[in-house]
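The values are calculated or read from the model by the stated rules, or taken from the named source; none is laboratory data. Everything quoted here is computed from the prediction, not taken from an experiment. Using ideal geometry, Cβ is built from the backbone for each residue, glycine included, and neighbour counts are taken over all protein chains shown. For the accessible areas, the whole protein counts, side chains as well, though only heavy atoms, and no ligand, DNA or RNA atoms are used. Shrake-Rupley method; radii C 1.70, N 1.55, O 1.52, S 1.80 Å.
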Amino acid sequence: MESPPFHFYSASHPTIFLPPYSSSSFLFLHKNPSFIKTSRSNNLSYSRSFSLRASSSSSTTDSVVTLLDYGAGNVRSVRNAIKHLGFDIKDVQNPEDILNASRLIFPGVGAFGNAMDVLNKTGMAEALCAYIEKDRPFLGICLGLQLLFESSEENGPVKGLGLIPGTVGRFDSSNGFRVPHIGWNALQITTDSGILDDVGKRHVYFVHSYRAMPSDNNKEWVSSTCNYGDTFIASIRRGNVHAVQFHPEKSGDVGLSILRRFLYPKAQITKKPGEGKALKLAQRVIACLDVRANDKGDLVVTKGDQYDVRENTDEKEVRNLGKPVELARQYYIDGADEVSFLNITGFRDFPLGDLPMLQVLKYTSENVFVPLTVGGGIRDFTDANGRHYTSLEVASEYFRSGADKISIGSDAVYAAEEYLRTGVKTGKTSLEQISRVYGNQAVVVSIDPRRVYVKNPTDVQFKTVRVSNLGPNGEEYAWYQCTVNGGREGRPIGAYELAKAVEELGAGEILLNCIDCDGQGKGFDIDLVKLISDAVSIPVIASSGAGVPEHFSEVFAKTNASAALAAGIFHRKEVPIQTVKEHLLKEGIEVRI
């Protein structure tokens, strides 16, 4: 989680970015300057003099959830989950809204220090402490848990709200565990948690780089832990106060059950019997949907054969495999761990004008409660009127429309080439801008390489591998040339060099395609996946070539891939997602069921 500026969300106004130390963070500050804290977040002090005089206001009802949303990421899914469970939402505009809340959800996303700066300057920190110390119904999510602790090492040390003893620190990647911690992991429930009654031995979804550790000083707060290299705090509970490090709104049915138990604490909800077999981090199975307009202008899901999406007929029509929202919903029902959209429509010159694709995200996020990734056209651009838009603005619109992660392709190649040439991080590339604001866990780099066979590794300046299958002229080695513009243009950079560079520039995950294997159904390029997954310390998603369930178990057994992605075999119903998972379970590979 990197450092985002605060931006204020209003249901009736667009999101506005504000600098982290802006005195205009909320309109409330202009009317109530006494709430402005002169101290920086690493010198937090306040009187905790707030009263809860307004908490019984008649304006609050049992059907309203108060949401503290400061906009640094996708909170649309939290909103959709709350509405899905039958509640209306009131957005926090000022500290009194916190004090008036009958139930409060804080889905914190972003960086610890900036969040504390905003909470202090707006008076929210004091209001939150007063609310929580009175044992009012509270649910913190992700950063909403971390801020309750005394301090964080993230860009720090930075002092937190100080309600729970302990320091939030970064995962240690030196032990071979990939950071960020992304994916579905198991909980070890340590005490009666109330809201976790339906979890049992089932996976929940995590995405974070920092965590709080259990200790004798905070053990009375800890309701569950999770193991990822270390045993860290996965959730806390004291009375009506709950917080979770994972994302219930992205954890499928089990996540919705957690939210339901928080929102209906007095309801007679039958506790489900223990089910599932979750023991550790699961290998992810991802469904990918290539979306573009067909010749009639309708958005369809298509699938390429070595990146050619047109049928081999006289008409050469775009291959149509279904409607994107409907297919995404079906894959969620079928058990996909994530859904990835690749936008290959014709809006390359004006990505923010692609209203149909933004609508796809919005409608999908209403009923799909697993992570959504979208890629295609995310870069700086200037429209026909001369208005310049940054890649950050483009990505922000995708996040507000429901994306949890964005995928960058061609623009990442150009950024990596420049970085390798100069050795300088300018801070202006799309990778750096977006990861700085939304965190590297929200940035995926999509690599589209093709094999170039060579007889001798010294023939090229790029990293080569000894290939499992010889080249057309008996070559024993190959390097993987990166491409841009949908595979149409080769660039003077290898996949290995690109992967190493984008990790340094801020990527949190790599989607590794292979043009040679795309649409062939003969399996993933194991040589390529092993090369890249061994080279970086961030998660790698294997893509291109899956044809049968055995291809998934092969890539997990022979490489360090964290996930495997497929498209055509799912679209054509040749291999159901559940069949893949059942096969992986039989092979002893941890998956979410």
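Restrict the check to region 391-399 and report whether at least one residue is open to solvent by less than 60 Å² (accessible area, probe 1.4 Å), under 21 Å from residue 337 (Cα atoms) and in contact with a Leu (Cβ under 8 Å, 6 or more places away or on another chain). For region 391-399, residues open to solvent by less than 60 Å² (accessible area, probe 1.4 Å), under 21 Å from residue 337 (Cα atoms) and in contact with a Leu (Cβ under 8 Å, 6 or more places away or on another chain): present.
Give the residues of region 370-390 that are surrounded by fewer than 15 Cβ atoms within 10 Å (Cβ to Cβ) and either among the hydrophobic types (A, V, I, L, M, F, W, C) or touching an Asp or Glu at 6+ places or on another chain (Cβ under 6 Å) (or both), sorted by residue number. The one that is surrounded by fewer than 15 Cβ atoms within 10 Å (Cβ to Cβ) and either among the hydrophobic types (A, V, I, L, M, F, W, C) or touching an Asp or Glu at 6+ places or on another chain (Cβ under 6 Å) (or both): 384.
For residue 121, the conditions (1) in contact with a strand residue (DSSP E or B) (Cβ under 7 Å, 6 or more places away or on another chain); (2) modelled with pLDDT under 95 are fulfilled apart from (1).
Report yes if residue 470 is on the phi < 0 side of the Ramachandran plot and outside any helix (DSSP H, G or I), otherwise no.
Values: on the phi < 0 side of the Ramachandran plot: yes; outside any helix (DSSP H, G or I): yes.
When the stated conditions are applied, residue 470 passes them.
All conditions but one from (1) in contact with a Pro (Cβ under 9 Å, 6 or more places away or on another chain); (2) open to solvent by less than 10 Å² (accessible area, probe 1.4 Å); (3) at pLDDT 95 or above; (4) closer than 30 Å to residue 62 by Cβ apply to residue 148; the one that does not is (1).
Per-residue answers, yes or no, for (1) polar (S, T, N, Q); (2) under 18 Å from the mean Cα position of the chain (by Cα); (3) at positive phi:
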{"position": "429", "(1), (2), (3)": "yes, no, no"}
{"position": "432", "(1), (2), (3)": "no, yes, no"}
{"position": "452", "(1), (2), (3)": "no, no, no"}
{"position": "458", "(1), (2), (3)": "yes, no, no"}
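Taken over region 89-111, residues that are within 14 Å of residue 242 (Cα to Cα) and modelled with pLDDT of 95 or more amount to 4. Within region 552-572, residues that are of a type in the set (Gly, Ala, Ser) and assigned to a helix (DSSP H, G or I) have Cβ atoms under 7 Å from residues that are at pLDDT below 95 and surrounded by fewer than 24 Cβ atoms within 10 Å (Cβ to Cβ) in these pairs: 568/303; 568/519, counting only partners at least 6 apart in sequence or on another chain. Among the residues of region 373-401, the one identified as hydrophobic (A, V, I, L, M, F, W, C) and touching a residue at least 60 places away in the same chain (Cβ under 8 Å) is 399.
Within region 235-255, the residues that satisfy the criterion of being under 12 Å from residue 144 (Cα atoms) and open to solvent by less than 10 Å² (accessible area, probe 1.4 Å) are 235, 236, 241, 243, 244, 245, 246. Is it true that some residue in region 191-211 is aliphatic (A, V, I, L, M), touching a residue at least 40 places away in the same chain (Cβ under 8 Å), touching a Lys or Arg at 6+ places or on another chain (Cβ under 7 Å) and crowded, with 20+ Cβ neighbours inside 10 Å? Taking every residue of region 191-211 in turn, at least one turns out to be aliphatic (A, V, I, L, M), touching a residue at least 40 places away in the same chain (Cβ under 8 Å), touching a Lys or Arg at 6+ places or on another chain (Cβ under 7 Å) and crowded, with 20+ Cβ neighbours inside 10 Å.
Filtering region 410-430 to residues that are modelled with pLDDT under 95 and either closer than 13 Å to residue 376 by Cβ or part of a helix (DSSP H, G or I) (or both) leaves 410, 411, 430. Here are 473, 469, 456, 485: which of them is closer than 26 Å to residue 290 by Cβ and among the polar types (S, T, N, Q)? After ruling out the rest, the residue left standing is 485. The residues of region 500-532 that are farther than 30 Å from residue 575 by Cα and surrounded by 21 or more Cβ atoms within 10 Å (Cβ to Cβ), listed by number, are 501, 502, 505, 506, 507.
Checked against (1) in a helix (DSSP H, G or I); (2) open to solvent by less than 10 Å² (accessible area, probe 1.4 Å), residue 406 meets all criteria but (1).
What residue, among those in region 442-461 that are of a type in the set (S, T, N, Q) and open to solvent by 40 Å² or more (accessible area, probe 1.4 Å), is nearest to residue 430 (Cα to Cα)?
Top of the filtered list is 461.
Scanning region 181-227 for residues that are under 21 Å from residue 111 (Cβ atoms), modelled with pLDDT under 95 and in a loop (DSSP other than H, G, I, E, B) yields one hit, 209.
Can you find a residue that is in a loop (DSSP other than H, G, I, E, B), acidic (Asp, Glu), crowded, with 23+ Cβ neighbours inside 10 Å and at pLDDT 95 or above anywhere in region 578-590? Explain how you work it out, then say what you get.
Just the residues of region 578-590 that are in a loop (DSSP other than H, G, I, E, B), to begin with: 587-590.
Those still in the list that are acidic (Asp, Glu) too: 587, 590.
If we keep only those that are crowded, with 23+ Cβ neighbours inside 10 Å too, we end up with none.
No, every residue in region 578-590 fails to be in a loop (DSSP other than H, G, I, E, B), acidic (Asp, Glu), crowded, with 23+ Cβ neighbours inside 10 Å and at pLDDT 95 or above.
When the residues of region 131-169 are filtered to those that are assigned to a loop (DSSP other than H, G, I, E, B) and touching a Gly at 6+ places or on another chain (Cβ under 8 Å), which remaining residue is nearest to residue 99 (Cα to Cα)? Once the filter is applied, the top-ranked residue is 135.
If you check 483, 464, which single one turns out to be of a type outside the set (A, V, I, L, M), open to solvent by 10 Å² or more (accessible area, probe 1.4 Å), farther than 30 Å from residue 111 by Cα and out of contact with any Ser or Thr (no Cβ under 6 Å at 6 or more places or on another chain)? Talk me through it step by step, then tell me what you get.
Working: 483 fails: open to solvent by 10 Å² or more (accessible area, probe 1.4 Å).
The unique qualifying residue is 464.
Within region 535-554, the set of residues being crowded, with 23+ Cβ neighbours inside 10 Å and of a type in the set (A, V, I, L, M) comprises 538, 540, 541, 542, 546.
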